[in-house]
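See below for the structure under consideration.
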Amino acid sequence: MPALRCELQDGIAVVTLDLTDHPVNVISRAVKDEFNATFERLAAEPGAQAVALFSGKPDNFIAGADIEEFVKLSSAAEAERLSADGHEMLSRVAAFPKPVVVGIHGACLGGGLEFALACAYRVATDHPKTQLGLPEVQLGLLPGAGGGQRLPRLIGARAALDIILAGKVERARKAFQLGIVDELVPPAILRDITLAAAKKLAGGWRPRRKRPGGFVGWVLDGNPLGRMLVFRMARQQVLKQTGGNYPAPLAALEAVEYGLRHGIAEGLKREAQLFGRLAVTDVSRKLVQIFFATTQLKKDYGVADEVKRLCIVGAGFMGAGIAGTAVAQAGVDVRMKDSDLPRVAKGLIAAREILDDRLKRRRITKYEHTRLIALVSGSDSYAGFGRADLVIEAVFEDLQVKQQVLREVEAATPEHAVFASNTSTIPITRIAEAAQRPERVIGMHFFSPVARMPLLEVIPGARTTPGTVSTAVAFGRRMGKTAIVVKDTPGFWINRILAPYMNEAGHILLEGVAIEEIDRLMVQWGFPVGPITLLDEVGLDVAQKASGVLHAAFGDRLVPAPVFALLVKDGRLGRKAGKGFYKYANGKKRGVDPAAYALVGVHPNGGVRPAEILQRVVLTMLNEAARAVGEGVVRSPRDGDIGALFGFGFPPFRGGPLRHVDDLGAARVVADLERLADRCGERFSPCEVLQDQARRHGKFYP
Ligand code: 3H9
């Protein structure tokens, strides 16, 4: 089926892109060929004075180049050619003898935006679905169809680098303010306004564009010296943020700088070369795999949920976080309940803060803010639960308390309502023992802070029905979360694989390694924060409780390092208490607290070598992850890896713990674990899954 339709309307060639066999529009090789042929024809078409391009999809403009094609690229030269072909097509659009305009509604990303940038005029709808950006670096690539050349020329180097180096996607309004889009219109008049612009341009009118950024913009972007400063600062920031682990942003920076220095033609050549190199790197391959794994996960259990009213029991930090995120993301009616009104009031304020934050960051309008706030209400009774479709409890982590809440909720809610527990340590099947309707009981384990953490673990109990799982997954997704379905075993997936990692950091600390040193090494390895900082963030009491449960379930292998209990006893619960391993003042981390060393009775003395620290903390996590996969805790290595990436920031360029085992090779992991078991103890004994893989050269991924 051809992807392009073309019709003449009042002297304008209206071209519509619609890949009928694909959910979104992408620019594949075949689409490129069609564009080339269409433009060749239109150049010679006397009835067309201008060209206007639209998408035939209801909510998508162009999602970029076809990422599926990247997977098949076998050499840098082939990838370079792909980019050069894109340049050729878009240079033809940019130099087309008749004005080409675009009417954008829906996602306009990567190659889609690069197409738009090559056009003479861009009109976009002000709809929330209209988003524009160059997310290529998120795939370990750079904008390879001229984005790194045309965007800085349009909006200035500073603003362009801000988008390109972070792989940012902006809403239409912001894109308009930045000057990426020429006109912003409601969807209903997109077509008319775009055609009118095409007509005016055909008549000789030229839009006048102000360079954004005013005087400062001129000083920094408009002269070589200012630009040098911009690039130097950008390079420093990239190095700081990527720790040198991601080559794409630096390559993108080079392509932009080179183009501004040597002209667009040379810039495009350099861009193609760098794109070619990046496309075949291991990092890009991993990030592309993560993209596909995440989109596949969106489809699993992909039935529409019917949740219109969400009720929450427990208006504490978690409950309020769930309430605020649910209303902000899913726009549902939310009712909170706690035991007394002051608690409810506190919860309502905390939920509202999430909406205030969205307003401040202009993710929602004032009008939406007011409308959404009105959707959240609270009470100290179960009044209002009669209309609940889903109830999430976030009360004290105690089996009896949770079972009591379950009984009360069942009495107050309709038959169809799902009861979800936000427990992190209690088996769902145990909670459901108190249920009249155990088939409607499930676990929804959110991570703190709910508004920011992207993962949700969904845990069916022994008697939970598939329909209940679908409701929980679908609602989690509406809340903007990536949901993985995990088995009802202690620690589920995330805490199970985090526990040995945190414990090992504790053991190493007791052997005399400085706290900052452990954290620094793990950040250098690619984690967003080190394990000791993570402990402070999670809360030492929470970590102690979770590690206690895991110890009880799995025995000495997961014995908690004694440091946690010592800190908890001293009231050092981490950031929330203003003291933990680190000191905190005014909400900011202020360095390691020497008192923490005194408390655990060690003085940092260098201790274990860095290479051994890395090996111990990483391998113990990989070992536990492999074991848990063997027990079916996650449904696939893909779910396990996505969980680790989104749950606690396992370094994306390493693909996830199971992908990392594959990269290292099970035989090597087993040999290293055996050496560690001899030296440091039985807890390192390689699990059966790894031993088996080592014997038969097996892997988690085919
Ligand atoms: C690029 O452009 C490079 C250029 O600079 C230079 C080249 C030389 N390709 O996410 P969804 C599929 S790099 C192939 O569930 P949503 C996706 O896999 C590209 N397939 O929908 C899924 O397939 P399936 C830069 C793609 O509404 C289906 O579409 N662009 C592509 O939640 C539905 O996807 C990006 O990085 C693609 N480009 O979100 C944007 N995009 O149903 C990546 C999507 O068979 N895409 N698919 O499993 C997105 O961010 C989201 O998909 C989007 C829609 C926001 C567009």
| In region 207-239, which residues are more than 23 Å from the chain's Cα centre (by Cα) and of a type in the set (A, V, I, L, M, F, W, C)? | 215, 216, 218, 219, 220, 225, 228, 229, 230, 231, 233
| request: Out of the residues in region 12-33 that are surrounded by 15 or more Cβ atoms within 10 Å (Cβ to Cβ) and either of a type in the set (D, E, K, R) or more than 16 Å from the ligand (Cβ to nearest atom) (or both), state the one that is farthest from the chain's Cα centre (by Cα). | output: 12
| field | Enumeration of residues in region 253-279 that are open to solvent by less than 20 Å² (accessible area, probe 1.4 Å) and aromatic (Phe, Trp, Tyr) | value | 275
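Of the residues 611, 585, 595, 577, only one is out of contact with any helix residue (DSSP H, G or I) (no Cβ under 7 Å at 6 or more places or on another chain) and within 17 Å of residue 530 (Cβ to Cβ); which?
Going through 611, 585, 595, 577 in turn, the sole match is 611.
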| note | Here the residues within region 569-594 that are under 28 Å from the mean Cα position of the chain (by Cα), open to solvent by less than 70 Å² (accessible area, probe 1.4 Å) and more than 21 Å from residue 544 (Cβ to Cβ) are 587
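Give the residue, chosen from 153, 171, that is farther than 24 Å from residue 273 by Cβ, open to solvent by 10 Å² or more (accessible area, probe 1.4 Å) and at pLDDT below 95.
171
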| What helices (runs of 4 or more DSSP H) lie completely within region 461-550 and have 2 or more residues being open to solvent by 10 Å² or more (accessible area, probe 1.4 Å) and assigned by TED's automatic domain parsing to the domain that holds residue 574? | 494-510, 515-525, 531-538
| Residues within region 44-89 that are of a type in the set (S, T, N, Q) and either out of contact with any Phe, Trp or Tyr (no Cβ under 8 Å at 6 or more places or on another chain) or open to solvent by 60 Å² or more (accessible area, probe 1.4 Å) (or both), tallied | 4
| request: Could you please give the count of residues in region 54-70 that are within 10 Å of the ligand (Cβ to nearest atom) and of a type in the set (Phe, Trp, Tyr)? | output: 2
| said: Report every pair of residues separated by at least 6 positions or lying on different chains whose Cβ atoms are under 8 Å apart, first residue within region 598-625 and touching a residue at least 12 places away in the same chain (Cβ under 8 Å), second among the acidic types (Asp, Glu) and in a helix (DSSP H, G or I). | reply: 604/517; 610/517; 613/517; 615/672; 616/504; 617/504; 619/672; 620/504
| query | In region 398-426, how many are under 28 Å from the mean Cα position of the chain (by Cα) and not in a strand (DSSP E or B)? | reply | 5
| Odd one out for residue 265 among (1) over 18 Å from residue 373 (Cα atoms); (2) small (Gly, Ala, Ser); (3) in contact (Cβ under 8 Å) with a residue 60 or more places away in the chain | (3)
| said: For region 381-396, which positions are under 28 Å from residue 425 (Cβ atoms) and surrounded by 15 or more Cβ atoms within 10 Å (Cβ to Cβ)? | reply: 382, 385, 388, 389, 390, 391, 392, 393, 394, 395
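Out of region 416-432, which residues are of a type in the set (Ser, Thr, Tyr), open to solvent by 10 Å² or more (accessible area, probe 1.4 Å) and at pLDDT 95 or above? Steps first, answer last, please.
Going through region 416-432, the residues of a type in the set (Ser, Thr, Tyr) turn out to be 421, 423-425, 429.
Adding the requirement that they be open to solvent by 10 Å² or more (accessible area, probe 1.4 Å) leaves 424-425, 429.
Selection gives 429 alone.
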| Do we find a residue being under 22 Å from the mean Cα position of the chain (by Cα), in the same structural domain as residue 196 (by TED's automatic domain parsing) and in a loop (DSSP other than H, G, I, E, B) anywhere in region 75-83? | no
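The values are calculated or read from the model by the stated rules, or taken from the named source; none is laboratory data. Please read all numbers here as calculations on a predicted model, not as lab measurements. So basically every Cβ, Gly included, is an ideal-geometry build from the backbone, and we count neighbours across all protein chains shown. Remember, those area values only see protein heavy atoms, side chains included, never the ligands or the DNA or RNA. Shrake-Rupley method; radii C 1.70, N 1.55, O 1.52, S 1.80 Å.
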